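Here's the structure, in structure tokens; my notes come after.
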Amino acid sequence: MAKDTLTAAEAPPRRDGTLAHIGHVLRENPVTMLAFAMLGFFLGCALLGPVLVPYDPLATEAARALEPPSFEHWFGTDNLGRDVFSRVIVATRLDLTISVAAVALSFAFGSVLGGMAGYWGGWIDAVLNRCLDTIMAFPLFVLAMGVVAALGNTVENIIYATAIINIPFYARLVRAEVNIRRNAGFARAARLAGNGDLRVLAVHIFPNALPPMMVQVSLNLGWAILNAAGLSFIGLGVRPPTPEWGIMVAEGANFIVSGEWWLAVFPGLWLMLAVFTFNLLGDGLRDIVDPRKRT
Amino acid sequence: MLQIEDLSVAFRTRKGEVNPVRGISFEVARGEQLGIVGESGSGKSVTSYALMRILDAGGEIRTGTISYGGIDLRRAAERDMRSIRGREISMIFQNPRAALNPIRKVGHQIEDVLLQHAQATRQDARAKAIEALEAVRIADPQARYDAYPFELSGGMCQRVVIAIALACSPRLLIADEPTTGLDITTQKSVMDLIRELARAREMGSILITHDLGLAAQYCDRIVVMKDGRIVETGAPQRLFTEPEHPYTRRLVDATPVVGASIRSLLPAEARTPEPAHRVQDHPVLEAVDLVKTYPSKSGPVQAVKGISFAIRAGQSLGLVGESGCGKSTTSEMIVRLLDPSSGKILFDGQDIAAVPAARFAWHPLRREIQMVFQDATDSLNPRDTGASAIAEPLARMGGLGGRALKARVAELADLVGLPQPLLSRYPHQLSGGQKARVGIARAIALEPKLLILDEPTAALDVSIQAVVLNLLVDLRARLGMSYLFVSHDLNVVRLLCDEVIVMKGGEIIERGPTAQVMSAPAHPYTRALIEAAPQPPVKTPA
Amino acid sequence: MVSDRAKMILGRMAQALPVVAGVVVISFLLTRALPGDPAAYFAGPAASEASIAEVREALGLDKPLVQQFFLYVGDLAQGNLGTAISTGQPVAADLASRLPASLELTLVALLLSCAVAIPLGVLAATRPGTWVDHLCRVLVTAGVSMPTFFTGIVLIYVFYYLLGVAPSPLGRLDFIYLPPPTVTGFHLIDAALAGDWETWFGALKQLVLPAVTLALFTLAPIARMTRAAMLQALSSDFIRTARAAGLGRGKVLYGYALRNALLPVITTLGMVFSFTLGANVLVEKVFAWPGIGSYAVEALVVSDYAAVQGFVLAMALLFVLLNLVIDIAYALIDPRIGFS
């Protein structure tokens, strides 16, 4: 048998486990490491926050209203004497739940719709495109306002509204990624290997769309939080006195002009930090799901 | 005119420094046509970028001198370099369409260069640009002046690129793989044009190519490069008849020329006797009146216009033609990935075209018709290891699993000469030749009766091509498969196929035993194809 | 050639029609998809049983859905969006009078952010790895993480409360100035037309903080896209051809690379408009800016449904129009459109 000029038989077998690969990605990039550490912190707050905080986030104490940050009240107190620090930490669970649930919904629906449209094209594609165009014809935040106003002021409806405005991003991304691979050599080879269309799409083509989708997921988690907080800020969705970052900033805004900055600034900073964390996650998540990053 | 001494180039990358060019020296005399030949990664293109000082970010010249007509190009100020580029030394590139600004009229792009080098004024720029288009023999230059690159064919775009390069009458032209991706007849007309213009203007040229045959035909002297070093320099005749360096010899051997045999492509020590394959009388597959029509804006277009042919059991049939002739559409229909608009495909007498392509995956004959794809990289799922790629058809259709599956994958890897440890690698961790082997192992996993080979070596270096072609010959004899070999390269088809079909414009224009078609083509187009192929000097029998 | 182009532009406009139809359908569905009784919503929170019934009949809510849709479309065609409870005026008139304030803010903010983001992106792409590049990356990541309403509040705290250089964040014009005579509705243009530079300056001072807030938010996507597109353009083959032909640095960078790079940037502008119009609502609330965004927020507070729906519809139509303009601009720049 003819021998390859470039045989590399001496190469050791590569059997990196997924965990080892994740470890490798984290070590490679300190920014990713930082992002995952911050994510861990926020997840910790969401899970354990309500148990650990020093004060009841809803307990008012009129005598100690509007106190600036001190050793006792790290982030000061608000106009009703509630501890801002406790409220900020407790709010993490609600804000993360909204964004993760919304992104999961739009990821699932967008993937299915976009995958079908990208693979089969034709009328499915045409109909889907028309629908997405119509959704995208609204400024997204405005559409979310309309949806929440129409469906009613609840946390679930904020999740649905946020999911709806994010679906087009996933659907279009998946559609494009599937479409360019629909007739790629490996997809045709998979058909020759006895795979039906659905299996080729789900097992062979779709996973290749995951790396760019992970970047989208990370950006969208950030947007989703911003979106939910924005809706609360204008009085839609979550209602006071529930601790939520958007509402807290909205309530604190009234005191900014008189100099009581801590009411708005701390929840605002926390919100910013959360969005920032999600945005930084993108590259790391992408590298984890991309086998080409395995060396 | 141009002298290069001890040139080295280094690139800083994230994984440390790489040295694509390591101390090379050569010269180009006035009016001389020099060829630089090497396989991918030999540093031949980087050399030309270095002497033009247009290296990508991170690259720098480490050592050496580049002297052009007494000017030290390595130390010249960037200002001076700008007036040398395009004015004294010009360059043309591969992939001509991408080499032109997509949103600027081609006439304006020529004017930009003329104005930059003060070869025209605002008033006469248009006239001179049209003159430049005329010089490269573009039909109707007046109208083409206003065209955008996307409105022109690949060959036309390359002519425009040449017009830009020659607009200011430089004294040296560097052509970096100028015909890669062009059809063979277009390649010939572009190369003839370059040679003719160079002679008429007494211009020197450097042709950078992977194709030794092409360089031999068009150059006075050839420099052979490998891994950033020059291994041999000499006249084409001498290189082909008496190559000194073993690498040159291997390259010469691997270049398919008239008179070569499939085994003679390999280095002398690897030449085992060619195994015979037995062609039987009954057809394994018959295509009857195959038609494929695509809808388009200006009405339906027939890509394949009712062709009929048969492949006998054990036979290798070549399907030859240039891009757009319908050969890919035909092979897609045969392999049942595409439904013909009308016509029959009889496999062992059974019409498999009656089963829609979308449902053929579950057809019992699916395992009998397999395919090796053109681009090995594209044909492997980036998320699957070599082993899982080979295992897929075995698991889906062969009913294998567990240890039996693993053993069969290992057996197949041995069969195609893929070292076992590489099986657990992902495609991006494999070389081009190794990926080709994985693709072949996957295709033969179920020992199909008919294997369709869609330009399986088009993306490979010639030395790897030689190995892969020989592998295919061995497998054919061993497993008794029939081949449908789709290619644009008659020289390769000649080595592998018993019979050949030539397609043009969706129709079969000539068919017959390969030797007969090659030596006495009946159709003028076949003759043009044969003549357009580079004809290097005949090598000495080794 | 020219007629092809014109045909193509007409085609684009025709393509916008189904989208407009979709927008109308969605906004109709939003009006009728209410979990409660739409009539009760439209009548307002203080309505009695009788007045709700009256509203139901007036709105045709007792008729079948398809018929309701045509009534709705008929009303729209006459510019009738219903009456706002809070102001007692027709919603269409309210929106029309407040639209210029929103547009002025949005456009100034976009101009500002393009003026900063595009040069920043180009600089970052031409000097990869330098401080400009790092600055660009930090701004881009920080920019997308900033909630606009929070940025606005921080700017107010710093420039109004701490430094005292900004005027109080209450509307388009301090009460010591008289609004200029309305021509375009844009204070800056109207004041300049009237030659009233004192008012012009007063209006500008009010505009700076909200415009900067919005601009900071839109800076990130534009700068990021410019940088990416410019890097891509600079690494393409035709740039190598241009360099090998000896073209000057300016010609290569701006004549060849930037022009190609602007195409994807123009496409992104559509998305940026979407963000800006959304963020507008929040910024208007923070700065008490009397535009249609704050109108919608006020209407939400009192559950003034007709006003909110009118606002959503108006925003969507405005956005469709902006996208149409972007598409046509793109088609005029890129010769390949309409042929492939």
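The values are calculated or read from the model by the stated rules, or taken from the named source; none is laboratory data. Predicted, not measured: the structure shown is a model, and the values here were computed from it. Every residue, glycine as well, gets a Cβ built from its backbone with ideal geometry; the counts of neighbours run over all protein chains shown. Keep in mind that these areas ignore ligands, DNA and RNA; they rest on the heavy atoms of the full protein, side chains included. Shrake-Rupley method; radii C 1.70, N 1.55, O 1.52, S 1.80 Å.
Just a few scattered comments:
- Inspection of segment B:208-227 identifies at least one residue that is within 17 Å of the chain's Cα centre (by Cα), closer than 25 Å to B:L490 by Cα and assigned to a loop (DSSP other than H, G, I, E, B).
- Count - residues of segment B:169-181 that are buried (at least 24 other Cβ atoms within 10 Å of the Cβ) and either aliphatic (A, V, I, L, M) or farther than 22 Å from B:I222 by Cα (or both): 3
- Set B:I501, B:I509: member being under 21 Å from the mean Cα position of the chain (by Cα), assigned by TED's automatic domain parsing to the domain that holds B:M333 and in a strand (DSSP E or B): B:I501
- Segment B:342-375, residues that are open to solvent by 60 Å² or more (accessible area, probe 1.4 Å) and either assigned to a loop (DSSP other than H, G, I, E, B) or on the phi > 0 side of the Ramachandran plot (or both): B:D348, B:G349, B:Q374, B:D375
- Filtering segment B:125-145 to residues that are open to solvent by less than 50 Å² (accessible area, probe 1.4 Å) and either of a type in the set (A, V, I, L, M) or part of a loop (DSSP other than H, G, I, E, B) (or both) leaves B:A125, B:A129, B:I130, B:A132, B:L133, B:A135, B:V136, B:I138, B:A143, B:Y145.
- Meets criteria (modelled with pLDDT under 85, aromatic (F, W, Y) and open to solvent by 10 Å² or more (accessible area, probe 1.4 Å)) for A:W261: yes
- Filter pass, B:Q302 being in a loop (DSSP other than H, G, I, E, B) and surrounded by fewer than 17 Cβ atoms within 10 Å (Cβ to Cβ): no
- Taken over segment B:355-375, the criterion of being in contact with a strand residue (DSSP E or B) (Cβ under 8 Å, 6 or more places away or on another chain) and more than 10 Å from every other protein chain (Cβ to nearest Cβ) is satisfied by B:L365, B:E368.
- Exclusive hit being open to solvent by 50 Å² or more (accessible area, probe 1.4 Å), within 11 Å of chain A (Cβ to nearest Cβ) and assigned to a loop (DSSP other than H, G, I, E, B), set B:D378, B:D339, B:D384: B:D378
- Any hit, segment B:413-436, residues being outside any helix (DSSP H, G or I) and hydroxyl-bearing (S, T, Y): yes
- Residue count for segment A:182-222, restricted to those that are out of contact with any strand residue (DSSP E or B) (no Cβ under 8 Å at 6 or more places or on another chain) and farther than 30 Å from A:F278 by Cα: 16.
- Any hit, segment C:234-256, residues being open to solvent by 40 Å² or more (accessible area, probe 1.4 Å), without any contact (Cβ under 8 Å) to a residue 24 or more places away in the chain, within 21 Å of C:S113 (Cα to Cα) and away from chain A (no Cβ under 14 Å): yes
- Of all residues in segment A:219-241, those satisfying the criterion of being at pLDDT 85 or above and more than 9 Å from chain C (Cβ to nearest Cβ) are A:N220, A:L221, A:A224, A:A228, A:L231, A:S232.
- Condition check for B:G38: surrounded by fewer than 18 Cβ atoms within 10 Å (Cβ to Cβ), touching a strand residue (DSSP E or B) at 6+ places or on another chain (Cβ under 6 Å), more than 8 Å from every other protein chain (Cβ to nearest Cβ) and in contact (Cβ under 8 Å) with a residue 60 or more places away in the chain: no
- Candidate set: segment B:51-92, residues that are open to solvent by 50 Å² or more (accessible area, probe 1.4 Å) and in contact with a Pro (Cβ under 9 Å, 6 or more places away or on another chain); chosen: the one modelled with the lowest pLDDT: B:A57
- Residue list for segment B:443-493, filter: in a helix (DSSP H, G or I), closer than 24 Å to B:M397 by Cβ and touching an Asp or Glu at 6+ places or on another chain (Cβ under 7 Å): B:L479
- Residue in segment A:201-212 that is within 11 Å of chain C (Cβ to nearest Cβ), more than 18 Å from C:V144 (Cα to Cα) and part of a helix (DSSP H, G or I) present: no
- Scanning segment B:390-412 for residues that are within 11 Å of chain A (Cβ to nearest Cβ) and open to solvent by less than 10 Å² (accessible area, probe 1.4 Å) gives B:I390, B:P393, B:L394.
- Spans of helices (runs of 4 or more DSSP H) in segment A:76-166 with at least 3 residues free of Cβ contacts under 8 Å to residues at least 24 places away in the same chain and crowded, with 23+ Cβ neighbours inside 10 Å: A:140-151
- Residue within segment C:272-282 that is modelled with pLDDT of 85 or more, open to solvent by less than 40 Å² (accessible area, probe 1.4 Å), touching a Lys or Arg at 6+ places or on another chain (Cβ under 6 Å) and more than 9 Å from chain A (Cβ to nearest Cβ) present: no
- Residue in segment B:533-542 that is open to solvent by 30 Å² or more (accessible area, probe 1.4 Å), in contact with a Phe, Trp or Tyr (Cβ under 8 Å, 6 or more places away or on another chain), at pLDDT below 90 and charged (D, E, K, R) present: yes
- Residue within segment A:21-31 that is in a helix (DSSP H, G or I), touching a residue at least 60 places away in the same chain (Cβ under 8 Å) and within 17 Å of the chain's Cα centre (by Cα) present: no
- A search for C-beta distances below 6 Å between a residue of segment B:148-164 that is more than 13 Å from B:N95 (Cα to Cα) and any residue that is open to solvent by 10 Å² or more (accessible area, probe 1.4 Å) and part of a helix (DSSP H, G or I), counting only pairs 6+ apart in sequence or on different chains, returns B:A163/B:A132.
- Complete set of residues in segment B:419-431 that are farther than 17 Å from B:N381 by Cβ and more than 7 Å from chain A (Cβ to nearest Cβ): B:Q420
- Members of segment B:432-467 found to be among the hydrophobic types (A, V, I, L, M, F, W, C) and within 8 Å of chain A (Cβ to nearest Cβ), listed by number: B:A443, B:I464, B:V467
- Per-region count, segment A:213-261, residues over 16 Å from the mean Cα position of the chain (by Cα) and in a helix (DSSP H, G or I): 15
- For C:A306: the one exception among (1) over 29 Å from C:L29 (Cα atoms); (2) under 24 Å from the mean Cα position of the chain (by Cα); (3) in contact (Cβ under 8 Å) with a residue 60 or more places away in the chain: (1)
- Number of the exception - A:G196 against (1) touching a helix residue (DSSP H, G or I) at 6+ places or on another chain (Cβ under 8 Å); (2) closer than 30 Å to B:L446 by Cβ; (3) open to solvent by 10 Å² or more (accessible area, probe 1.4 Å): (3)
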